[in-house]
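The values are calculated or read from the model by the stated rules, or taken from the named source; none is laboratory data. Worth saying up front: this structure is predicted, and the values here are computed from it rather than measured. Backbone-built Cβ (ideal geometry, glycine too); neighbour counts: all protein chains shown. Surface areas here come from the heavy atoms of the whole protein model, side chains and all, with no ligands, DNA or RNA. Shrake-Rupley method; radii C 1.70, N 1.55, O 1.52, S 1.80 Å.
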Amino acid sequence: IYLSLVGKSGLQQVANLCYQKAHYAAQVLSEIPGFSVNTKTPFFHEFILKCPRPVEEINADLLDQGVMGGFDLGRDCAALKNHMLVCVTEMNSKEDIDYFAQTLREVTYD
């Protein structure tokens, strides 16, 4: 139903929003000391965030603040220990992304 309502041009706009917001989020999150994103690898609306400590701990601290963190990739692949999969869609506002980044910074360094 959603796709039929937005139509072909609407779907292109939604895809562009996802792309722009995900790249904005990757930039903002990679500016937090200890965190990094490999921006040399192309991505659309999901990217891998390397974290300075275990993702399970970060996610627990984020949840205490009412924020849902990303998927802990280390659970499925030992080589991706301390790596979080982050997904951004058209539904996430700039304010949502900035709040996530600020809360992530606070739970990691405060």
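Checked against the criterion of being over 16 Å from residue 24 (Cβ atoms) and of a type in the set (Val, Ile, Thr), the candidates 107, 88 yield just one match: 107.
Would you call residue 33 under 16 Å from residue 104 (Cβ atoms) and part of a loop (DSSP other than H, G, I, E, B)? So residue 33 passes the test. Residues in region 27-45 that are among the β-branched types (Val, Ile, Thr) and either surrounded by fewer than 14 Cβ atoms within 10 Å (Cβ to Cβ) or touching a residue at least 60 places away in the same chain (Cβ under 8 Å) (or both): 28, 32, 39, 41.
Remark: residue 96 falls outside the filter, which requires a residue to be open to solvent by 40 Å² or more (accessible area, probe 1.4 Å), more than 11 Å from the chain's Cα centre (by Cα) and of a type in the set (Asp, Glu).
May I ask you to verify whether residue 101 is at pLDDT 95 or above and either of a type in the set (D, E, K, R) or open to solvent by 30 Å² or more (accessible area, probe 1.4 Å) (or both)? So residue 101 does not fit the description; no. Sub-7 Å Cβ pairs linking a first residue in region 12-26 that is closer than 12 Å to residue 47 by Cα to a second residue that is open to solvent by less than 40 Å² (accessible area, probe 1.4 Å) and assigned to a helix (DSSP H, G or I), at least 6 apart or interchain, are 21/97; 24/97; 25/97, ordered by first then second residue. If you check 48, 58 for being in a strand (DSSP E or B), buried (at least 17 other Cβ atoms within 10 Å of the Cβ) and either touching a Phe, Trp or Tyr at 6+ places or on another chain (Cβ under 8 Å) or not acidic (Asp, Glu) (or both), only one passes: 48.
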